[in-house]
Amino acid sequence: MARITVANLEDDVVQVLKHRAELHGRSLSAEIRAVLGRETAPDREQALERLAQKRKQLASKAFPEHGAEVSVGVEEPEELAY
């Protein structure tokens, strides 16, 4: 894993992060990782679009080596929980 140093953070930003970490029962580092992970995750619409594209690609794909043809129905996914 990489190590990142962030310089010149405002004191109030650090205090908010510390408070959130305490509320979530984790260390400051773990809270910052959670925030960064959440903020850099692909948004829901982009993820659903990529999923729809993959489903279309697989919808009529044949797998003769396994003696099967795959038919993938496209349904609306259930609400994703973040």
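Here is how the numbers come out for the structure above:
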{"item": "Ala59 vs. criteria over 19 Å from the mean Cα position of the chain (by Cα) and modelled with pLDDT of 70 or more", "result": "yes"}
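The rows are residues; the columns are (1) part of a loop (DSSP other than H, G, I, E, B); (2) at positive phi; (3) surrounded by 10 or more Cβ atoms within 10 Å (Cβ to Cβ); (4) modelled with pLDDT under 80.
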residue	(1), (2), (3), (4)
Arg3	yes, no, no, no
Val14	no, no, yes, no
Leu36	no, no, yes, no
Ala52	no, no, yes, no
Gly73	yes, no, no, yes
Leu80	yes, no, no, yes
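The values are calculated or read from the model by the stated rules, or taken from the named source; none is laboratory data. Worth saying up front: this structure is predicted, and the values here are computed from it rather than measured. Here Cβ is always computed from backbone atoms with ideal geometry, including for glycine, and neighbour counts include all displayed protein chains.
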